[in-house]
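J.: Before I ask anything, let me first share the structure, which is written out below as structure tokens.
Derivation of every value follows stated rules applied to the coordinates shown; laboratory data play no part. As the structure is a computational prediction, the values presented were derived from the model and not from experiment. Neighbour counts run over all protein chains shown; Cβ positions are idealised from the backbone, glycine included.
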Amino acid sequence: MLEKWFHLQEKGSNVKVEIIAGLTTFMTMAYIIFLNPSILSGELAGSPTGLSMDAAMLATCIAAFTATVLMGLYANFPIAQAPGMGENFFFVTVAGALAVQGVSNAWQVTLGIVFISGVIFLILSLLKFRKVMIDAVSPSMKNGIAVGIGLLIAVIGFRNAGVILPDLGTGLKFNSHILQADVMIFFAGLFFTAVLHTRKVRGAILWGILFTALLSLIIGKVHYSGIVGLPADHAVFKMDLPGALKFHFIPFIVVFLFMDLFDTMGTLIGVSEQAGLVKDNRIPGSNRALISDAVGTVVGACTGTSTVTSYIESSVGVEYGGRTGLTSVVTGFLFLAALFFSPLVAMVGKYLPITAPALVIVGSMMAKNISRIEWENYSEAIPAFLIIIGIPISGNIADGLALGFISYPVIKIFSGRAREMHWLMIGVAVLFILRYALIQI
């Protein structure tokens, strides 16, 4: 049955590999179960939004379960989904702005805005507009996106481990105190994983995570706090849809649309390149993946969380060997199970240095796509390079894409090579320009 549904042999995988790949993906992104609620509730910033931590955690797990399982069963892609980082911060920004304007149920109205953006997303996906946009991206640009995302997740890994720190002057700086426990645990996990990976040990990344978790437990950086636990509150169907249907909320809807559109597109392209799913510059079944993403956002709004998007941590499971939707199904059910075992998941998920080495290793693996860029064709190479450097520097996939997607048609047109590009690339460039020129929130 599994072979018939997921085509495991055709894609060079098997049930065991897919299950462990799904587990690995879940472990690298389990942090979102606790980080997203702390952001949406306002606890992280010390400014409560009114949405409780428990309600946001329940919504996070349900939305991630629904979207990720749908991605697996309907689209057959090894990509996990959950409320997006960036989108959740924007959610809090919008809720705060509405509260200042005197809106008493600000977070419910904001959920309504997210719901509307998700419905529009779904319509665009059903009309295959998003698929056409992905197919319009050139092979060099696609590989540039994969490399850029690889660098971004490596940066995230270093940042989560405390190896690099924020700096007012340069943005980021190296932590000179490398003998700190967090940093030492990270490097121990990094070298352990790298050696296993070099020796071609199957499941090197998962073994690395388990090794780092055990080391953290021994040192005392994580503490056993129980196994079973359930959220005590919910925000299911508490969105205020009528309150969100106002003309002056259109800019908020547009920004949510824009962020999810390009975050998902970038992740889908990057992970598909890594998994070898791109055929003749197209991603077979990509529209089903985009529909799954849109449904996830709609379900997320209904349950009480911000926009759902595809996660770059999916590349960790792909690096293990996950090639089909079975990987996603496993990850999705683990999100559901996390509701009942939240203390156990918290033990690993809250201490980020445990999974940081895996992100760095996978980032290095994704960098190999750089060899597939047409470096001799500067009209392809320069926009691809701008994406590669833009994604990690900005810390955001959509903003990184903007550098390449705006420069691409400009270089092609003024160098007399306009015929080499899809006409839709001009429209995408215009969208990016309008995003930064007109939507100031």
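J.: Grab every C-alpha pair in the stretch 123-190, bin the distances at 5 angstrom width from 0 up to the longest one, and report whole percents.
T.: 4, 14, 15, 14, 12, 10, 9, 10, 8, 4, 1
J.: Continuing with the same structure: Ranking E420, E376 by Cβ neighbours within 10 Å, fewest first, what do you get?
T.: So the residues, fewest neighbours to most, are E376, E420.
J.: Of the cross-linked pairs K200/K368; K238/K350; K4/K142; K173/K368; K142/K279, which ones have a Cα-Cα span greater than 20 Å in the structure shown? Walk me through the intermediate numbers first.
T.: Details: K200/K368 17 Å; K238/K350 28 Å; K4/K142 30 Å; K173/K368 25 Å; K142/K279 12 Å.
Exceeds cut-off: K238/K350; K4/K142; K173/K368.
J.: With only alpha-carbon atoms in the gyration tensor, what are the semi-axes of the equivalent ellipsoid for the stretch 1-127, in Å, largest first? Can you show the working numbers first?
T.: Values: eigenvalues 237, 62, 18 Å².
Semi-axes (√(5λ), whole Å): 34, 18, 9.
J.: Next question. For V308, V360, V147, what's the fewest-to-most ordering of other Cβ within 10 Å of each Cβ? Write down the numbers at each step before the final one.
T.: Numbers: V308 33, V360 23, V147 27.
Fewest to most other Cβ atoms nearby, the residues stand as V360, V147, V308.
J.: Which of L268, L51 has the fewest other C-beta atoms within 10 Å, and how do the rest follow up to the most?
T.: Working: L268 24, L51 28.
If I rank by nearby Cβ atoms, fewest first, I get L268, L51.
J.: On a straight-distance basis, which aspartates and glutamates could pair with K412 in a cross-link, Cα separation under 12 angstrom, same-chain partners fewer than 8 positions away excluded?
T.: E380, E420
J.: If the viscosity is 0.692 mPa s and the temperature 37 °C, what translational diffusion coefficient in µm²/s does Stokes-Einstein give for the stretch 343-441 when Rh comes from Kirkwood over Cα pairs?
T.: Answer, rounded: 206 µm²/s.
J.: Continuing with this model, one more query. Once you keep just the Cα pairs under 8 angstrom separated by 6 or more residues, what percentage relative contact order results for the stretch 277-434? Before the final figure, lay out the partial values.
T.: Numbers: 90 pairs, mean separation 17.3, N = 158.
About 11 percent, as a whole number.
J.: Further question on the same structure: What Kirkwood hydrodynamic radius do you get for the stretch 132-285 when you take the inverse of the mean 1/r over all pairs of distinct Cα atoms, in Å?
T.: 20.1 Å
J.: Over its Cα atoms, what ratio of radius of gyration to 2.2 N^0.38 Å does the stretch 321-372 give? Don't jump to the answer; show the numbers that get you there.
T.: On the way: Rg = 14.7 Å, N = 52, 2.2 N^0.38 = 9.9 Å.
Normalised Cα radius of gyration, the stretch 321-372: 1.49.
J.: Hey, another quick one. If exposed chymotrypsin sites (Phe, Trp or Tyr not before Pro) are those in a DSSP loop with at most 10 other Cβ within 10 Å, what is the longest stretch of the chain that has none?
T.: Numbers: sites that count: Y224, W423.
Formally, the longest exposed-site-free interval is 1-223.
J.: Let me ask something else. Can you give the translational diffusion coefficient of the chain in µm²/s, computed by Stokes-Einstein from the Kirkwood radius over Cα pairs at 37 °C and 0.692 mPa s?
T.: So the translational diffusion coefficient is about 150 µm²/s.
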